[in-house]
Amino acid sequence: MGHLDHAAYGRLTPALSHAMASVGAALGLRCTVRALATTGAARRNRLLTAASAIGTGTWTMHFVAMLGFHVTGTEIRHDVPLMTLLGLVAAVVVVGAGVFAVGYGQGRGSALAVGGLTTGLGVAGMHHLGMAALRLHGSVSHDAAAVALSVAVAIAAATAALWAALHTRTPAAVAVASLAMGTAVSSMHYTGMAAVAVRVVPSDRALPGATAMRFVFPLAVGLGSYLFLTAAFVALSPTAAGPAGAPSGPAATPAAAAR
C-alpha cells in the first residue's frame with residue numbers, strides 16, 4: 001500500500017480549496033437570492049449564473065485540493081477529457097438542476113428536498129469523477145462507508161445552502177451561509193479522500209494524462225479568476241430592491257402603479 005499525503009504543501013491547498021468553494025457558494029447563493037426576487041428571463045439568467053458558480057467553485061476546490069495529493073512510490077497524472085469535459089460540465093448541469101428546482105418549485109419544502117438532493121449528488125459526483133480521472137502506477141480502492149458519508153455531507157451541505165437562499169436576504173447572512181457551505185464542501189472532499197486506498201505497483205511505464213502543475217493549476221487559476229470577477233460583477237450590479245430597499249416583484253407592483 002502506498003502512503004497517501006493529502007496536504008503535501010501543508011495548509012496551503014486546504015486553505016485555497018476552501019476559499020474557492022466559499023467564493024463559488026457565495027456567488028451562487030447571492031444569484032439564487034436575487035433570482036427569487038425576479039421573474040422571467042432575469043430569474044433564469046441568475047439561476048444559470050448560480051449553477052455555473054457553484055459547479056465551477058466545487059470543481060476548482062477539488063483540483064486545488066488535489067494539488068496537495070501525493071502517493072509514495074508513484075507519479076500521479078490526470079485524464080484531461082474526463083476531468084474537464086465530463087467533470088466540470090456534469091457538476092454545472094446537475095447543480096443547475098437542483099438550483100432550478102428551488103427557483104421554480106411550487107412547494108418550498110419539496111423543492112428544497114429535490115434541490116438539495118440533486119445539488120449534493122452533483123457535488124459528490126464531480127468529486128468521484130475527478131478521482132476516476134487519476135492515473136498512477138497501481139490501483140485505487142474506496143471504503144464504502146466513508147464514500148457514503150461524503151455523499152451524505154454533500155447533500156446536507158447543499159440542502160442547508162439552498163435553505164439559506166430561500167430564507168436569507170441580507171449579504172451578511174449569505175456570507176455566513178457561503179462560508180458554511182465552503183466548509184461543508186471541503187469536508188466532503190476530505191471525507192471522500194479518507195476513503196481512498198492505493199496499492200502501488202512499481203513500473204517504468206509512462207503514465208498517460210497531465211500532471212497537476214502543468215494542467216490543473218493553470219485551469220484552476222483561470223476558473224478561480226472567473227469566480228472572483230463574476231462575484232465582483234454581481235456585487236456591483238443593481239439589486240431588485242427599490243430606492244428605499246423595498247423588494248420588487250408582484251408585491252411591489254401595486255405600490256408602483258399607485259405612484
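The values are calculated or read from the model by the stated rules, or taken from the named source; none is laboratory data. Source: prediction; values computed, not measured. Here the Cβ positions follow ideal geometry from the backbone for every residue, glycine too, while neighbour counts run over all protein chains shown. Surface accessibility is based on the protein's heavy atoms, side chains included, excluding ligands, DNA and RNA. Shrake-Rupley method; radii C 1.70, N 1.55, O 1.52, S 1.80 Å.
Kindly sort 18, 167 by accessible area of their heavy atoms, largest first, with the probe set to 1.4 Å.
Values: 18 55, 167 100 Å².
Largest to smallest exposure gives the sequence 167, 18.
What's the magnitude of the charge dipole for the range 38-172 around its Cα centre, counting Lys and Arg as +1 and Asp and Glu as -1 at the beta-carbon? Answer in Debye, nearest 20. Could the numbers behind the result be given before it?
Details: 7 positive and 3 negative charges, 115 e Å.
With Lys and Arg at +1 and Asp and Glu at -1, about 560 debye.
Please give the length that would be gained between residue 97 and residue 190 if that part of the chain were fully extended, namely 0.36 nm times their separation in residues minus their C-alpha to C-alpha distance (nm, one decimal).
Values: separation 93, 0.36 × 93 = 33.48 nm, distance 2.49 nm.
Contour length minus Cα-Cα distance gives 31.0 nm.
If R₀ is 22 angstrom, what is the calculated FRET efficiency for the pair residue 86 and residue 206, using the beta carbon separation as r and rounding to 0.05? Show your work: numbers first, answer last.
Working: r = 23 Å, r/R0 = 1.06.
Efficiency, rounded to the nearest 0.05: 0.40.
Counting every Cα pair in the range 55-100, what percent are over 13 Å apart? Intermediate results must be reported in sequence, preceding the final value.
On the way: 648 of 1035 pairs.
Distances greater than 13 Å cover 63 percent of the Cα pairs.
Among 5, 204, what's the order by accessible area (1.4 angstrom probe), most exposed first? Walk me through the intermediate numbers first.
Details: 5 60, 204 160 Å².
Most to least solvent-accessible, the answer reads 204, 5.
Roughly how many Å² of residue 200 are accessible to a 1.4 Å probe, to the nearest 10?
Here the accessible area works out near 30 Å².
Can you give the FRET efficiency for residue 197 and residue 152, using 1/(1 + (r/R0)^6), R0 = 30 Å, r = Cβ-Cβ distance, to the nearest 0.05? Display every interim value, and only then the final one.
Working: r = 20 Å, r/R0 = 0.68.
The pair residue 197/residue 152 has a calculated efficiency of 0.90.
For residue 170 and residue 139 in the same chain, what is the full-extension length gain: residue separation times 0.36 nm, less their Cα-Cα distance, in nm? Don't skip to the answer; put the middle values down first.
Values: separation 31, 0.36 × 31 = 11.16 nm, distance 4.79 nm.
Going from the current span to full extension adds 6.4 nm.
Send over the per residue convex hull volume for the range 110-224, Cα only, as a whole number of Å³.
Value for the range 110-224: 111 Å³ per residue.
Find how much the distance from residue 15 to residue 180 grows on full extension, using 0.36 nm per residue of separation minus their present alpha carbon separation; answer in nm with one decimal.
On the way: separation 165, 0.36 × 165 = 59.40 nm, distance 1.40 nm.
So the chain would gain 58.0 nm between residue 15 and residue 180.
Could you let me know the centre-to-centre spacing of the range 108-176 and the range 1-53, using Cα atoms, in angstrom?
About 11 Å separates the Cα centre of the range 108-176 from the one of the range 1-53.
Pull out a ≥ b ≥ c, the square roots of the eigenvalues of the alpha-carbon gyration tensor of the range 1-130, then state rounded if a/c is under 1.5, prolate if not and a/b is larger than b/c, and oblate in the remaining case. Mind dumping the intermediate values first?
Numbers: a/c = 2.66, a/b = 2.28, b/c = 1.17.
Prolate.
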